[in-house]
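All of the numbers you see were taken from the coordinates with simple rules; none came from a lab. Note that this is a predicted model, so its numbers are computed, not measured. Here the Cβ positions follow ideal geometry from the backbone for every residue, glycine too, while neighbour counts run over all protein chains shown.
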Amino acid sequence: MKKVLLTTAPKEALIEPNGVGGNWYDRTDTYMAWTCAVDLDDRLSVTCPPTGLRFLKSNVPDVEVLEYPTWAEYLAALRSEKWDMVGISFYTWSTPVAIEMAKAAREAGVKDIWGGNYGAIGPDLDAHFTRLIKGPGENALHQYVYGKPLKRIHHPAMLGYSSFRGVSSPVGYLYSKRGCNVGCTFCSTPVFNAKEDAIFLEETYEALDAYKEARVAHVIIYDESFFLQNHLAEKIVDALAERSLPWICLTRADLIRGRIGELTDRCMDGAIVGIESYRDKHIADVRKRDDVYNVRQTVRELIKYDRRALGTFMIGFADDTAEDMAYDINQLADEGLFACQLTLLTPFHRTKLWKQMEHLVDEDDLSKFDLYNLVWKHPKVSKSEIRDVLAWAQRQVNEPSRIAAKVKQEMKQKLRKEMAQRRGLPPGATAGGEFAGARA
Ligand code: B12
Ligand code: SF4
């Protein structure tokens, strides 16, 4: 059996001291990044473990995993054993630090140095890594460690914490499948993992039971596009509803449109939908295959049913002036979303957008490819001007008082539901609810 150490980018790189608006943020935290320009006390936070490495560990249990270590911890781990292989999980933004980590591993005498995650599809990596894994890594790793193929992928239980203004509760992470091939031009996924790999339903039950036990506020379904394989999503929703587990999914608006009422009855708490732009031309340009009217209808449907409407939205299309961007952001702010991730149009390497925009890319430093830095020559706004627009936009769209009011309303609703359930259910039965059984 081979001795393997898997790790991520170190803490020193994961904490960005100068995020949008000049505030620090932690890249492993979903909402921290979304609401970075907002005062720290008013920021949402949802921590997320490195789910890819958790999958690898649960399917190849004999590997050692060092999650988000400090540099010193990483160097100490390199020296602590004679490793056959060190594997580094990195994104495009963390490529420079991953290369430094690979060098340190080589200096420590490690022969095999693997790179995985989205960074592995980046440029000029062959000199630093002995193998680059595109897409899911369980099979290749199992083969390397045990010398035989993996029979079936197991889904581990993975917890994070959701907090707002000092109150926090656990959340669980779930995937019904990995990969997507819809082909939006800006997205790295069709390059990184075009094969939509379903997880066997039975493999998710243990995780769901653990989430029930932990009384999670929500199960967050981080499939790149939940409901893309509808039959599979239906079964997952049934399994969640059977356990009274509230859930939030990442999906395309067209996949849930007209269904929010029915999904609410099956424990849906909300959805993160790709809004991306309020201009049909932009949506068509990036081949999102939906239109603005329909996406807005879906957002309104979520709000009508009191669900958390969450979104992703891109600014910085080539024909937009700063005024155009501000106009769109004001409309977005009026929509009443719970929260929204605002990003800059970013041509990641090997995507269709990269092919269209390569001649405009003026940024050599890969650490800037984090969706929050302009990496190409925009004809109408400068790099610093667009960061200011982004900071202003984050504050407009992720307005703390609206988030607070929504959280309060949800707490009341859930307490009412819990009381009603307690009255109707046998003693001891309770329903989960964010911030209800909260740990401060
Ligand atoms: C959920 C998600 C997040 C979550 C959690 C990610 C996580 N699991 O740690 C949060 C919100 C924290 C997040 C943060 C960020 N994200 Co994100 N995120 C996603 C999303 C939606 C799904 C990723 C996912 O969960 N995949 C499933 C998990 C189980 O698999 P996995 O991590 O890929 O791991 C598997 C393989 O990659 C491989 N593998 C992974 N590591 C290794 C290591 C070795 C050695 C081997 C052999 C194999 C291997 O095996 C694993 C198991 O199969 C994608 C894709 C999308 N459609 O939008 C974007 C995406 C990955 N994110 C992206 C970006 C830019 C970011 C941020 C930089 C944003 C920011 N500025 O904060 C940060 C960076 C976070 C970090 N740790 O560096 C980009 C990456 C583009 C790129 N080319 O780098 C994507 C593609 C979005 C996009 N459309 O542009 N993200
Ligand atoms: S943006 Fe979403 S739907 Fe489009 S290709 Fe990426 S994962 Fe698929």
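Worth a mention:
- Whole-Hz couplings from phi, Karplus 6.51/-1.76/1.60, listed for the stretch 225-238; x for Gly and Pro: 8, 5, 6, 5, 9, 4, 4, 6, 4, 4, 5, 5, 4, 4
- Amide H contacts of Val219 (H built 1.01 Å from N, under 5 Å, at least 5 apart or other chain): Gly172, Trp247, Ile248
- Alpha-carbon centroid distance for the pair the stretch 284-348 / the stretch 112-172, whole angstrom: 30 Å
- In order through the stretch 254-264: 3J(HN,Hα) via Karplus (6.51 cos²θ - 1.76 cosθ + 1.60), integer Hz, x for Gly, Pro: 5, 7, 10, 4, x, 10, 5, x, 5, 6, 4
- Distances between placed amide hydrogens fall under 5 Å for Trp376 paired with Asp362, all partners being 5 or more residues away or on another chain.
- Dividing the Cα radius of gyration of the chain by its Kirkwood radius returns 0.96 for Rg/Rh.
- For the stretch 159-413, the square roots a ≥ b ≥ c of the C-alpha gyration tensor eigenvalues yield an a/c of 1.5 or more together with a/b exceeding b/c, which makes the shape prolate.
- Coil-residue trypsin sites (Lys or Arg not before Pro) of the stretch 1-108, DSSP, other Cβ within 10 Å capped at 11: Lys82
- Here's the list of lysines a cross-link from Lys3 could span, going by alpha-carbon distance under 16 Å and ignoring same-chain residues fewer than 8 apart: Lys57, Lys82, Lys111, Lys148.
- Between the amide H of Thr92 and those of Gly119, distances stay under 5 Å, these residues lying 5 or more places away or on another chain, with hydrogens modeled in the peptide plane.
- Listed by chain and number, the lysines whose alpha-carbon sits under 17 Å from that of Lys383, ignoring those within fewer than 8 places in the same chain, are Lys368.
- This model, with +1 at the C-beta of Lys and Arg and -1 at the C-beta of Asp and Glu, gives the stretch 1-96 a dipole about its Cα centre of some 460 debye.
- Global geometry of the stretch 117-174, whether rounded, prolate or oblate, following the gyration tensor of its Cα atoms and the 1.5 cut on a/c: oblate
- Each peptide in 310-318, 118-126 gets a packing score, the mean of other Cβ atoms within 10 Å over its residues, and the list from highest to lowest is 310-318, 118-126.
- Phi angles across the stretch 89-101 convert, under the Karplus curve 6.51 cos²θ - 1.76 cosθ + 1.60 with θ = phi - 60°, into 3J(HN,Hα) values of 9, 8, 9, 4, 4, 9, 4, x, 6, 5, 5, 4, 5 Hz, Gly and Pro given as x.
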